[in-house]
Amino acid sequence: MKFGIDMGHNCPPHDTGATGIKQEDTLTKAVGTYLIQKLKAAGHTAIDCTATSASNVTDSLRQRTNKANINNVNVFVSIHFNKFNGTANGTEIYAISNASKGIAQSVLKEIVKLGFYNRGVKNAGFFVLKNTQMPAILIECCFCDAKVDMDRFDAEKMAEAIKDGLVGESNDEEHKSDKKYVLEITTKTVLKPSTEQASDLPKDSLIDIEPGDYAVLDVRFEENHYWVKWPDKSKGNRDEHFVFAGHSKVIEKD
């Protein structure tokens, strides 16, 4: 498999992480570096998607998702550390699609074996989750301002746990929805890689689609769009698309 690894922040001066007992940038870089090494040692491809120079935070984030999309990685992993009040602790992972949530659960299961409190898999519209064309997760490994977490934290062990969750016993089949969906295109439109306006996206990322019914594997509604999981990569060499809801509707079948 091909993984895109994003060591959160690490792009001064505009995109730097939280400061706690330890600096988030230092922690994410350590875990990410080990993770890339371990994935490669296990026979996988690992692409470093970390930005190093950017004009602002959005530019930093876009560089990360663009690199993952251009390299057509199978799974995107963004590594972060939380900060709150010095007391809150534990691990949480963010994901949006069903496939991403399945991967997140597998990774979280391995991390909590290290002793970290399980804060669960959560859904949030983070830029790197919304603008990647493949299953993507954002891992908040633990809290950099919590002594209980920092005393327990070991970068290599954290990376090993993440690697095991990514390439271990889990597989995509067990995370697929039992339901079947049909995407009905009511007006000729385009399939997009994100919910951004078509005029703001590269023309070669827009896939024309004619009115008709199309079987899809998974679906969710987001920002007046349907995100759909295509059965294959016959549309623009990707299998995840956004389509404007005003030009389409989804039919759910048992």
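The values are calculated or read from the model by the stated rules, or taken from the named source; none is laboratory data. In this text the structure is predicted, and so the values were computed from the model without any measurement. Please note: Cβ atoms are built from the backbone with ideal geometry, for glycine as well, and neighbour counts cover all protein chains shown. In case anyone asks, the SASA skips ligands and DNA or RNA and just uses the protein heavy atoms, side chains included. Shrake-Rupley method; radii C 1.70, N 1.55, O 1.52, S 1.80 Å.
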Quiz prompt | Any chance Gly86 is surrounded by fewer than 18 Cβ atoms within 10 Å (Cβ to Cβ) and in contact (Cβ under 8 Å) with a residue 40 or more places away in the chain | solution = yes
Quiz item: In this structure, does Arg64 turn out to be among the basic types (Lys, Arg) and either within 13 Å of the chain's Cα centre (by Cα) or surrounded by 23 or more Cβ atoms within 10 Å (Cβ to Cβ) (or both)?
Solution: yes
Practice problem: Would you check if there is a residue in the range 164-180 being part of a strand (DSSP E or B) and at pLDDT below 90? | Solution: yes
Exercise. Restrict the check to the range 128-150 and report whether at least one residue is part of a helix (DSSP H, G or I), touching a Leu at 6+ places or on another chain (Cβ under 9 Å) and either free of Cβ contacts under 8 Å to residues at least 12 places away in the same chain or within 22 Å of Tyr226 (Cβ to Cβ) (or both).
Key: yes
Exercise. Being at pLDDT 95 or above and surrounded by fewer than 20 Cβ atoms within 10 Å (Cβ to Cβ) is the filter here, so list the residues in the range 1-21 that pass it.
Key: Ile21
Exercise. Considering only the range 99-125, state which residues are in contact with a Gly (Cβ under 7 Å, 6 or more places away or on another chain) and assigned to a loop (DSSP other than H, G, I, E, B).
Key: Phe116, Tyr117
Quiz item: Can you name every residue in the range 147-160 that is touching a helix residue (DSSP H, G or I) at 6+ places or on another chain (Cβ under 8 Å), open to solvent by less than 40 Å² (accessible area, probe 1.4 Å) and either of a type in the set (Asp, Glu) or closer than 14 Å to Phe3 by Cβ (or both)?
Solution: Ala159
Practice problem: Might you check whether a residue that is surrounded by fewer than 18 Cβ atoms within 10 Å (Cβ to Cβ) and more than 12 Å from the chain's Cα centre (by Cα) occurs anywhere in the range 125-146? | Solution: no
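Tally time: how many residues in the range 53-82 are β-branched (Val, Ile, Thr), in contact with a strand residue (DSSP E or B) (Cβ under 6 Å, 6 or more places away or on another chain) and closer than 18 Å to Ala18 by Cα?
Selection size over the range 53-82: 2.
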Quiz item: Which of (1) under 16 Å from the mean Cα position of the chain (by Cα); (2) of a type in the set (A, V, I, L, M); (3) surrounded by fewer than 17 Cβ atoms within 10 Å (Cβ to Cβ); (4) over 13 Å from Leu166 (Cβ atoms) does Val57 not meet, given it meets every other one?
Solution: (1)
Practice problem: Select the strands (runs of 3 or more DSSP E) contained entirely in the range 201-248, then report the ones holding at least 1 residues which are among the aromatic types (Phe, Trp, Tyr) and at pLDDT 90 or above. | Solution: 212-216, 240-244
Practice problem: Considering every residue within the range 1-15, establish whether at least one is in contact with a strand residue (DSSP E or B) (Cβ under 8 Å, 6 or more places away or on another chain), at negative phi, outside any loop (DSSP other than H, G, I, E, B) and of a type in the set (Gly, Ala, Ser). | Solution: yes
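Just checking, how many residues over the range 47-83 are among the hydrophobic types (A, V, I, L, M, F, W, C) and in contact (Cβ under 8 Å) with a residue 60 or more places away in the chain?
Matching residues across the range 47-83 total 8.
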Exercise. Go through the residues of the range 101-124 one by one and say whether even a single one is touching a residue at least 40 places away in the same chain (Cβ under 8 Å) and of a type in the set (Phe, Trp, Tyr).
Key: no
Practice problem: Test each condition in (1) in a loop (DSSP other than H, G, I, E, B); (2) open to solvent by 30 Å² or more (accessible area, probe 1.4 Å) for Ser194 and report the one that comes out false. | Solution: (2)
Exercise. For the range 42-49, state whether one or more residues are part of a loop (DSSP other than H, G, I, E, B), buried (at least 16 other Cβ atoms within 10 Å of the Cβ) and touching a strand residue (DSSP E or B) at 6+ places or on another chain (Cβ under 8 Å).
Key: yes
